[in-house]
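**Q** This is the structure I want to talk about, given as structure tokens.
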2 protein chains.
Amino acid sequence: MSRNPSGLDPSFHIHIPEGDDRERRVCDHCGFVDYENPRIIVGSVAIWEDRVLLCRRAIEPRRGYWTLPAGFMEKGESPAAGARREAWEEARARLETDQLLGVYSVAHIGHVQMIYRARLLSDAIAPGPESQEVGLFRFAELPRDLAFPSVTWAMRHYLETRDQTDFAPRSAPLADAEGGPPGL
Amino acid sequence: MSRNPSGLDPSFHIHIPEGDDRERRVCDHCGFVDYENPRIIVGSVAIWEDRVLLCRRAIEPRRGYWTLPAGFMEKGESPAAGARREAWEEARARLETDQLLGVYSVAHIGHVQMIYRARLLSDAIAPGPESQEVGLFRFAELPRDLAFPSVTWAMRHYLETRDQTDFAPRSAPLADAEGGPPGL
């Protein structure tokens, strides 16, 4: 997730930009201010009949492990549109997004995951370039090697709410998920 | 929202970074890749008895207009913790966040607003550096000069759901809010 993947020696210095209230990394050359904003990951628990779509990762981190179709939200799309794009890119799946199932904040790495409940429009799926294989799994027969805790959370939250039409999105069951100054 | 606020001449060129699938702006000097990820704005409809907390903006955009306490989420905090921090920074208000009231995606500017329902812990409020004044308003006596459409949406969605304990967060009533590739 580095914002400096080129390996070039960066020319950053640390100071408080005008109008700001905390120190930021600023590039001497391009003036870029590294606000280190949290990044949004969008994805889905996408269902065909009684089965869930999973993708076996072809890339690090957690290459070879199974995950829900999800990835970084891009500008110019809504979170739900991003979740549909990721399902297409990773599993060549077309789906209809329904409600927001979970908002999983992982404060220490600055990620906010927004996972939607979704329905596959067909069972025609195929691995995209970031997937080794894709599959539709019954919840009683899930692969054991799941990539991330949030994959487990989202499937559990799907099962908890599958018969509900109006519910609050679930949160990450993590002690550190809240973060922020104590008492605020 | 420029990421190059210094006015320096940037040394960007446009190319597709390795492992990516779309063109990005890259700085020749620091290697910074401008992914232009959407940014998360966190805020609250914060209530004291039958009144809502509003802040009159001391900064652009929309200086002098009234808004909900809200701002860019920082790394190291959850969205709800960020909403509490913003209420403290803008109105010296302490509050308890409840459910996620709205997720307002404004695709064309790359913002995702996450607005929480919240309860003020006391009516002790005071303007922070980004507010000209702060106030608690009955919904029948709101100021007319509201800063942003999402201020209106969030208060409307608060009133729609005020008696509910479990509900899906509302969306922006905008035709362009979805964005993303058509058909996906």
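**Q** Once phi is turned into θ = phi - 60°, what whole-Hz ³J(HN,Hα) does the Karplus curve with 6.51, -1.76 and 1.60 give for every residue of the stretch A:93-104, x standing for Gly and Pro?
**A** Whole-Hz 3J(HN,Hα) from phi for the stretch A:93-104: 9, 10, 8, 10, 7, 10, 8, 6, 8, x, 10, 10.
**Q** Can you work out the Karplus-derived ³J(HN,Hα) for every residue in the stretch A:157-169? Use 6.51 cos²θ - 1.76 cosθ + 1.60 with θ = phi - 60°, whole Hz, and x for glycine or proline.
**A** For the stretch A:157-169, the Karplus curve yields 5, 4, 5, 5, 10, 4, 9, 9, 9, 9, 8, 7, x Hz.
**Q** Probe of 1.4 angstrom, ligands and nucleic acids ignored: what's the accessible area per residue over the stretch B:36-157, in square angstrom?
**A** Numbers: 4710 Å² over 122 residues.
Ligands and nucleic acids excluded, the figure is 39 Å² per residue.
**Q** Where the label is 7 Å out from Cα toward Cβ, how close does A:H15 come to the same position in every other copy, in nm, shortest first?
**A** Result, one decimal in nm: 3.1.
**Q** Express the relative contact order of the stretch A:84-148 as a whole percentage, based on alpha carbon pairs under 8 Å and six or more residues apart in sequence. The partial results should precede the final answer.
**A** On the way: 88 pairs, mean separation 21.2, N = 65.
Here the relative contact order equals 33 percent.
**Q** Kindly give the distances from B:K75 to its copy-mates, label point to label point, with each label point 7 Å from Cα along Cα→Cβ, as nm values to one decimal ordered shortest first.
**A** 2.0
**Q** Taking amide hydrogens as modeled 1.01 Å from N in the peptide plane, which residues meet the under 5 Å criterion relative to A:E133, leaving out close sequence neighbours?
**A** Distant-sequence amide H within range of A:E133: A:R56.
**Q** List the residues, sorted by chain then number, that are 5 or more residues from B:G128 or on another chain and whose placed amide H is less than 5 Å from its amide H.
**A** B:A91, B:R92
**Q** How big is the B/A interface in buried accessible area, both sides summed, 1.4 Å probe, to the nearest 100 Å²? All intermediate terms of the calculation are to be shown ahead of the outcome.
**A** On the way: alone 11010 and 11030 Å², together 16900 Å².
Approximately 5100 Å², summed over both chains.
**Q** Would you mind computing, in nm to one decimal, how far apart the modelled labels at A:T152 and B:D145 are, each placed 7 Å from Cα along Cα→Cβ?
**A** Modelled inter-label distance: 5.4 nm.
**Q** Placing a label point 7 Å from Cα toward Cβ, how far apart in nm is B:E96 from its equivalents in the other copies, listed shortest first to one decimal?
**A** 4.0
**Q** Report the net charge of residues surrounding B:A126, where surrounding means a beta-carbon distance below 14 angstrom and charges are Lys +1, Arg +1, Asp -1, Glu -1.
**A** Working: positive: B:R56, B:R92, B:R94; negative: B:E89, B:E90, B:D123, B:E130, B:E133.
Neighbourhood net charge equals -2.
**Q** Amide H neighbours of A:L101 under 5 Å, counting only residues 5+ apart in sequence or on other chains, H built in-plane at 1.01 Å?
**A** Answer set, sorted by chain and number: A:I115, A:Y116, A:R117.
**Q** Residue by residue through the stretch A:59-70, which ³J(HN,Hα) values in whole Hz follow from phi under the Karplus form 6.51 cos²θ - 1.76 cosθ + 1.60 (θ = phi - 60°), with glycine and proline marked x?
**A** 10, 6, x, 6, 4, x, 9, 8, 9, 6, x, 6
The values are calculated or read from the model by the stated rules, or taken from the named source; none is laboratory data. What you are looking at is a predicted structure, and each value in this text was computed from that prediction instead of being measured. Cβ coordinates were reconstructed from backbone atoms using ideal geometry, including for glycine residues, and neighbour counts include every protein chain displayed. When the accessible area is computed, the model is the full protein with side chains, heavy atoms only, and any ligands, DNA or RNA have been set aside. Shrake-Rupley method; radii C 1.70, N 1.55, O 1.52, S 1.80 Å.
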